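Worksheet: one structure, shown below.
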Amino acid sequence: MYIFYFVILLSLAFRCMNYDDHAMLTFHSLSVCCDLAIGGMAAYYVIFNPKFKLFFSNISPWVSLVIYFAGFFYMIFQNDIARHFQYGFSFSRLISSLFFIFIILEQNYSKNRWKLSRIPKFTAFGKYTYGMYLLHAISLLMIINVIRLFDV
């Protein structure tokens, strides 16, 4: 568990030291390992802390809905929000990671009726979109290179 905390703090310190370098914040291993550590820490707590898992089992659907709206609002406006703080971009990835961990844990463990896995078409669609997710980086690089060809 302490390794996860250490990696998160190390990653945040690295991001704060490079807060004005977009490439470092986006692509450097020390910058992005925080996401993996947060996922590992969430898995650790689900396995070894029954109260943590119970929190997501018993969460109110309305509380979940408020967190979803706040999280999606943040995801849409995170660049605008981060610009107003010196280290805003350093912490924006952390906030996004925590939001996605919330989605994963809430969808897996909550007992509410708003679970996306209860929609058969949505679950079937996930099989195809995961493949697209795996290939999206290649597609984006190809599009960027085509745009650069026509940039005068």
(message) From the gyration tensor of the Cα coordinates in the chain, what semi-axes in whole Å does the equivalent ellipsoid have, largest first, with each one equal to sqrt(5λ)?
(response) 29, 23, 16
(request) With viscosity set to 1.567 mPa s and temperature to 4 °C, compute the Stokes-Einstein D of segment 66-110, Rh being the Kirkwood radius across alpha carbon pairs; µm²/s, no decimals. (result) 117 µm²/s
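Taking the highest mean first, how do the peptides 14-20, 48-54, 123-129 order by number of other beta carbon atoms within 10 angstrom per residue?
14-20, 48-54, 123-129
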(request) With springs only between Cα atoms under 10 Å apart, run a GNM on the chain and tell me which of Met24, Met132, Met41 wobbles the most. (result) Met132
(message) Among the complete DSSP H segments of the chain, which ones combine at least 30 Å of alpha-carbon extent along their axis with a mean Kyte-Doolittle hydropathy of -0.5 or more?
(response) 88-109, 120-150
(request) Please give, to one decimal in nm, the separation of the simple spin-label points placed at Val146 and Asn79, each 7 Å out from Cα toward the Cβ. (result) 2.1 nm
(message) With a 1.4 Å probe and all protein chains kept in place, how much accessible area does Ile47 have, in Å² rounded to the nearest 10?
(response) 120 Å²
(message) Sequence gap of 8 or more, or different chains, plus Cα separation below 22 Å: how many lysine pairs satisfy both in the chain?
(response) 6
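Using only DSSP helix segments of four residues or longer, with each worth -39500 (n - 2.57), what per-residue ellipticity at 222 nm results for the chain after dividing by its residue count and rounding to 500?
Mean residue ellipticity at 222 nm (helix-derived): -28000 deg cm²/dmol.
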(request) Just check segment 64-152 against the gyration tensor rule for me: Cα atoms, a ≥ b ≥ c as the square roots of the eigenvalues, rounded for a/c under 1.5, and otherwise prolate or oblate depending on whether a/b exceeds b/c. (result) oblate
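The values are calculated or read from the model by the stated rules, or taken from the named source; none is laboratory data. These numbers come from a predicted model, not from an experiment. No Cβ is skipped: glycine too gets one built from the backbone with ideal geometry, and neighbour counts run over all protein chains shown. What goes into the accessible areas is simple: the full protein's heavy atoms, side chains included, and nothing from ligands, DNA or RNA. Shrake-Rupley method; radii C 1.70, N 1.55, O 1.52, S 1.80 Å.
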